[in-house]
Amino acid sequence: MKRALLACAILATVSFASIDVGSDVMPNSKPFCGD
Amino acid sequence: MVVLDSDINSAVQIESISWKRSTIGVDSGIFTNFKIYMGYSTLDQLGDTFSANYIQGTRTLVYSNPSYQVVAGGPNNWFTTTLDTPFWYSGNNNLIIEFEWSTGAGSIYAWHWAAGPNRAIFGAYGSDTSDGSENSIPHMMINGPVGLQSETLGSIKATFGGE
C-alpha cells in the first residue's frame with residue numbers, strides 16, 4: 001500500500017496602500033496648535 | 001475625529017498616517033505629551049464625551065511621544081507620523097482617531113475637507129468632555145497593508161492511497 005500526505009498552506013495576498021481620505025478644501029481649519 | 005467606514009472602504013493594518021500641510025502656519029512645531037489613540041465607533045457624529053464615542057474596550061494607544069517635533073515641510077507637503085503600534089482596522093464600524101497634547105510651540109495647519117456635522121470634537125487637555133465640534137476633518141492618508149490580514153487561511157490535506 002502506498003500513501004502520500006500532501007499539506008500546503010495558502011497565504012492571503014496583502015498589498016501596501018495609502019488610502020486617501022478627503023480632499024483639499026479648507027487651508028485654515030483648526031491646526032496642531034502650540035501657540 | 002471620526003472617519004467613516006465608507007470613507008476608508010477597506011480593511012487595513014494602519015502603520016502610519018499622513019497629513020498635507022496647508023498654505024498657512026509654520027513648517028514645524030513641537031508638542032509635549034503627544035499621543036494618538038485609535039478605536040472603533042458606531043457613530044457618524046461624535047457626542048460631547050470623548051470616551052463615550054468609542055465602542056467600549058476598543059480605544060487603543062498607538063503613538064506616544066513626550067516631546068514630539070513635527071516637521072511638516074513646506075506648503076502642500078505631506079508629512080507622516082509612523083505609529084508605535086500598528087492598528088488593525090477591520091473595515092467594519094467607523095474609525096476614531098484621537099490626538100492629545102498638553103502644550104506646544106508652533107501652529108501647523110493641514111488641509112481639511114467638509115466631512116459633515118460633528119465629525120470632530122475638541123477640548124482642553126485632560127478634559128472628559130469637549131468644548132465644541134467641527135464639521136471638517138483633515139485630508140489624510142491612512143497607510144498600511146490593505147485587504148485580508150496576513151494569516152493562513154487554511155490548509156489542504158490530501159491523502160492518496162492505493163494498493
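Mind checking the dipole of chain B: about its Cα centre, +1 per Lys or Arg Cβ, -1 per Asp or Glu Cβ, Debye to the nearest 20? Numbers along the way, then the final one.
On the way: 6 positive and 14 negative charges, 53 e Å.
About 260 debye.
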Ranking of A:Asp20, B:Asp7, B:Asp27 by count of other Cβ atoms within 10 Å, fewest first: A:Asp20, B:Asp27, B:Asp7
More than 20 angstrom apart: percent of Cα pairs within the stretch B:1-122: 47 percent
Peptide-level mean, for B:132-139, of C-beta atoms on other protein chains within 10 Å: 4
Chymotrypsin sites (Phe, Trp or Tyr not before Pro) lying in DSSP loop within the stretch B:10-84, provided at most 13 other Cβ fall within 10 Å: none
Ellipticity estimate at 222 nm from DSSP helix runs (n ≥ 4, -39,500 (n - 2.57)) divided over chain B, nearest 500: -500 deg cm²/dmol
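Bear in mind that the values in this text are calculations on the coordinates, not laboratory data. As the structure is a computational prediction, the values presented were derived from the model and not from experiment. Every residue, glycine among them, receives a Cβ derived from its backbone with ideal geometry; neighbour counts consider all protein chains shown.
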